[in-house]
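Reviewing the structure listed below.
Bear in mind these aren't lab numbers, they're just calculated from the coordinates by the rules spelled out. Note that the structure is a prediction, hence the values are computed from the model and not measured. Ideal geometry is used to build each Cβ from the backbone, glycine not excepted, and the neighbour counts take in all protein chains shown.
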Amino acid sequence: MKKLLLLTLFLPLLRLAAQQDLRQSPWHLVADPVDPAHYAGVTVANGMLGLVTSPEPLKMKDIVLNGAFDTYGRGRVSNILRGFNFANMDLDVQPAGQPERRQRISATNVSGMRQRLDMKQAIFTSTFEHQGLVTVSYSATALRHLPFTSMITLEVTALQDVEIYPAAVLRAPEILREVSNFYSVIDRPHAKVPLMTSTAATPTGKHTLAASVSFVFGDHNLHMPELIHEEWDYDMHLTRFYKRLKAGERFSFDIVASEVSSAHYADPLNEAERLTIYAALEGRERLMARHTAAWAELWKSDIILEGDLEAQRAIRSSLYHLYAFAREGTAYSLSPMGLSGLGYNGHVFWDTEFWMYPPLLVMQPGIARSLLEYRYERLEAARQNAFSHGYQGAMFPWESDDAGQEATPVWALTGPFEHHITGCVGVAAWNYYQLTRDTAWLRTRGYPILREVAAFWVSRVEPDAQGVCHINNVVGADEWAENVDDNAFTNGVAIASLRHAVTAARVLGQTPPARWTEVANAIPILTFPDGTTREYRGYQDTTIKQADANLLTFPLKLITDPAAVRRDLAFYEPRLSPGGPAMGSALLAVIYQRLSEPEKARELFYKGYRPNQIPPFGVLAECPGCANPYFATGAGGMLQAILFGFGGLDLTDQGLVQLKSNLPKSWKSLTLTGVGIDERTVVIK
């Protein structure tokens, strides 16, 4: 009895001490307390599966499956799919021998709920206490080495003699149809594998989706408890069991689940079950060993900031999410919201190549290559898009879906007119060669993209009587500038991508068409009488949504004279909308840092993410006051401020170099590890 009393008294104190330690950790995002009214979930993901957390005990809000799209919902366009939710559990608890007191755990009967994301190991954990009977720990991870598989671990500690009834629940979201549920047990002398599986058709029947769930009790389940399968409705079934615990006893088990679609496998039902069987018989220790080893490999490329714990944690959060939302060896790209939900329908914008890709390129070139492979494999769709609009070459869609077709809702003018994305793809392709010097890749992937991009711009310009090549009727990077002529960024990225195409041809020993250089030299960059870059023909001084003209300084490097750079900063910085997206301020920070103004750069660095953080984990929203996390585009911008600003990294035709850089006074040091293909370490003090 004394031991039980001591356990009851000291467990809360131990948990509090541990939680306080985690608040000082640069590797943990902590929610304590958890307030459901002010809660934006964090995501555990592996580049294929995204599990979005919930304030509800033992629940996940969403499961997002990369690469699977169908037409449904808002906009009559192809959307990424919400998958089967395999990560929700039920847990009934009662004092031993008192069935009348049996109660299901819910948000209304738990106390002391705390949640944390361990970014180093990509594990989310939620802990709480239920009615003085049990303490519960629920952990979830998307296994990095198994792209379609996740693992949930439940640990229950009895505070008195109790009986518990855990259940694994598999539920279909409302968008799926023709749901079928299955249950079986593979019974072998050396192993037992229970399988709870569901399949369904996507909204139009384009794909079949399948998910399979199994318990892992250790020792290949040879001593697993009796399992009871229940089908409650067509959209949900569960498997439960019973366990009696003595006071002070701790009991844990795992649930492994795999989810695939016919976008990934011709036979998703059987493949989901095969992958789940594999994970179940691997067991917790082997699964976690390979998962943590995979993340340790990723974290060899890290950013270590001494002197600002809050900024260090925010930097790690941005890195973690970009690493979690994409993976090497695929042809999948990044949506502005990554795998954190269904925001922007899972489509791919310029956000990838211009904002998220650059930090991934210098920190994880293998992942960056996958993002470009997405564009290469959809090059034919971009050619068709150009053909449909009366142009040559490839015209990449503003919102690209799994097929690479234009998927912008028709009411948005960005789809037909925001053409600068084609230049962004071309610049990204050349940036990959600048970093890697991979001539074989340039010949088979990079140059085919750049050649089609150049052909597009040559056909897109409208020469006047003096031979000036105008680009008319576009939506600019500042998307409030609709149907304007000679937009600064559109013209600038056209010039840059044409010049990169010329250089790429010469690297490969080919003679580029003379017209590429002629057009690049004839595209105008408009200015005001004092020399300030003019955002577009007719622009005066209105508020702008996001950075546009300043992007010609960085990253395009078309405006390099310090006096001209300062004029553009002085004019456009006060005209940036305070409600605009986060990333504009971040790139202004790069420019100020390169002008040797680290204090001003730090101010803009903070401005680029702090107003956009949402409780409790500080995940980024698109704009201050928005409620649409996680905005991975903002994470990309923030990381560019660190890497290309304070870190001094610079991509050139001679490779990745480091410029002289001075840190803000309050920052002690900045260390970049695993940078570039030679995985160098860069230290700035």
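Here are a few things to note about the model shown:
- Sorting the segments 98-105, 216-223 by their residues' average number of neighbouring beta-carbon atoms within 10 angstrom, most packed first, yields 216-223, 98-105.
- With 5 Å bins from 0: P(r) over the range 187-270, alpha-carbon pairs, percent: 3, 12, 19, 19, 17, 14, 9, 5, 3, 1, 0
- Distance between the range 65-128 and the range 231-253 - C-alpha centres, whole angstrom: 15 Å
- Relative to one another, the C-alpha centroids of the range 520-584 and the range 398-473 are positioned 21 Å apart.
- Taking all Cα pairs closer than 8 Å and separated by 6 or more residues, the relative contact order of the range 403-506 comes to 33 percent.
- Each distinct pair of alpha carbons in the range 342-423 adds a 1/r term; the inverse of their mean, the Kirkwood radius, is 13.1 Å.
- Theoretical FRET efficiency, 1/(1+(r/R0)^6), r = Cβ-Cβ of residue 101 and residue 300, R0 60 Å, to 0.05: 0.70
- In the chain, helices alone account for a calculated mean residue ellipticity at 222 nm of -9500 deg cm²/dmol, with every DSSP H run of four or more residues adding -39,500 (n - 2.57).
- Gain upon complete extension [residue 37, residue 109; 0.36 nm per residue less C-alpha separation]: 24.2 nm
- Kirkwood radius, the range 20-139, all distinct C-alpha pairs, inverse of mean reciprocal distance: 16.3 Å.
- The protection proxy used here, the mean number of other Cβ atoms lying within 10 Å of each residue, ranks peptides 578-584, 588-594 as follows, highest first: 588-594, 578-584.
- Length gained when the stretch residue 508-residue 527 is fully extended (0.36 nm per residue, less Cα-Cα span): 3.2 nm
- Using only side-chain charges placed at the Cβ, +1 for Lys and Arg and -1 for Asp and Glu, the dipole size of the chain relative to its Cα centre rounds to 1500 debye.
- Globularity ratio of the range 94-199, using Cα Rg and 2.2 N^0.38 Å: 1.33
- Centroid-to-centroid separation of the range 166-200 and the range 258-335 [C-alpha atoms, Å]: 23 Å
- Annotation for residue 659 and residue 411: the two label points, set 7 Å from Cα along the Cα-Cβ direction, are 4.2 nm apart.
- Normalising by residue count, the range 28-96 has a Cα convex hull of 161 Å³ per residue.
- Kirkwood Rh in Å, taken over all unlike Cα pairs in the range 507-550: 13.4 Å
- Shown here is the pair-distance distribution of the chain: with all Cα-Cα distances grouped in 20 Å bins from zero up to the longest one, the shares run 18, 49, 27, 6, 0 percent.
- 3J(HN,Hα) along the range 169-183, derived from phi through the Karplus expression 6.51 cos²θ - 1.76 cosθ + 1.60 where θ = phi - 60°, amounts to 10, 10, 10, 8, x, 4, 6, 7, 9, 6, 6, 10, 10, 9, 8 Hz, with x in place of Gly and Pro.
- Packing rank of 40-51, 253-264, 605-616, 442-453, where each peptide gets the mean count of other beta carbons within 10 Å, highest leading: 40-51, 253-264, 442-453, 605-616
- Size of the range 126-182 as Cα extents on the principal axes (Å, biggest first): 44, 29, 19
- Label-to-label distance for residue 472 and residue 274 is 5.8 nm, based on points extended 7 Å past Cα in the beta-carbon direction.
- Whether the range 252-405 is rounded, prolate or oblate, judged on the alpha carbon gyration tensor where a/c under 1.5 counts as rounded: oblate
- Computed from phi, the 3J(HN,Hα) profile of the range 575-589 under the Karplus parametrisation 6.51, -1.76, 1.60 (θ = phi - 60°) reads 9, 5, 5, x, x, x, x, 5, 6, x, 4, 4, 6, 5, 4 Hz, with x in place of Gly and Pro.
- Over the range 542-651: Rg over Rh, Cα atoms, Kirkwood Rh: 0.97
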